[in-house]
1. Against the longest principal axis of the chain, how steep is helix 69-86, in degrees 0 to 90 to the nearest 10, with axes from Cα atoms?
2. In the chain, what is the volume of the convex hull around the alpha carbon atoms, normalised per residue and reported in Å³?
3. Find how much the distance from GLU144 to ALA82 grows on full extension, using 0.36 nm per residue of separation minus their present alpha carbon separation; answer in nm with one decimal.
4. Kindly give the semi-axes, whole Å and largest first, of the ellipsoid equivalent to the range 103-152, taking each as the square root of 5 times a Cα gyration tensor eigenvalue.
5. Could you tell me the calculated FRET efficiency between VAL2 and ALA30, based on Cβ-Cβ distance and R0 = 25 angstrom, to the nearest 0.05?
6. Given a cut-off of under 8 Å on Cα pairs at least six residues apart, what relative contact order in percent is computed for the chain?
7. Just from its helices, what would the mean residue ellipticity at 222 nm be for the chain, if runs of 4 or more DSSP H residues each count -39500 (n - 2.57) and the sum is divided by every residue, rounded to the nearest 500 deg cm²/dmol?
8. Between GLN51 and ARG185, with labels modelled 7 Å along Cα→Cβ, what's the label distance in nm to one decimal, could you check?
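Any read-out appearing in this document is the output of simple, stated calculations on the displayed coordinates, not a laboratory observation. All values derive from a computational prediction rather than experimental measurement. As a convention, Cβ positions derive from the backbone with ideal geometry for all residues, glycine included, and neighbour counts pool all protein chains shown.
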Amino acid sequence: MVMNLLKLIFGGGRNVVAETAEVFMENTEAGAQRRADYAQSALGQFGAEFQVERKGRFDRFMDGLNRLPRPLIVIAIFSLFASAMYDPLWFAERMQGLVLVPDPLWWLAGTIVAFYFGGRFQMKSQEFSQAITQSTARLPQVLESISQIRALRHDSPGAAETGTDAGLSEAAIEPSDNEAVRAWREGGK
């Protein structure tokens, strides 16, 4: 009879007690395996994103050229500032030469620079607008938090108000038997 009872509970190659317990509590071994599988797949996906395909010389050369304009423009502008401080006459001569550049050429140069930098600027300005919108949406919560914090200041009216709690009201007016407070009071006399 005991064997039949044990076979009923643990029979058929199953552990009914363990299966029932897993309904209420996670199997730690299976949970650890799931977390490890998840971490492994996340690392695999992350690694796949950064796999570099073998490129030829021409592709690498063009990638390098595509990365040059922004740093070169920044270096050129700061070099102009430095040259203006180092040799103002040389700088003034060069700037007078720029006066001779016709307006349509300036427009063309402005268009090229605008298209080159404009796409990135557009993307960043949209991200900035979204951040401002999200911050503005949180404004009522922030103002409420600030008012709650200000209400906690010691000089706020009603900051020590005990409300309807009679026990707290009595405790607030009873003299303290704190030795440090008593010593302070006696020392002040």
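1. Between helix and principal axis, roughly 70 degrees.
2. Values: hull volume 101.9 nm³, N = 189.
Dividing the Cα hull volume of the chain by its residue count gives 539 Å³.
3. On the way: separation 62, 0.36 × 62 = 22.32 nm, distance 5.06 nm.
That works out to 17.3 nm of additional length.
4. On the way: eigenvalues 394, 21, 7 Å².
For the range 103-152, the semi-axes come out at 44, 10, 6 Å.
5. On the way: r = 31 Å, r/R0 = 1.23.
Computed FRET efficiency for VAL2 and ALA30: 0.20.
6. On the way: 20 pairs, mean separation 7.0, N = 189.
It rounds to 4 percent for the chain.
7. Values: 10 runs with 147 residues, N = 189.
Per the formula, -25500 deg cm²/dmol.
8. With each label placed 7 Å out from Cα toward Cβ, I get 7.9 nm.
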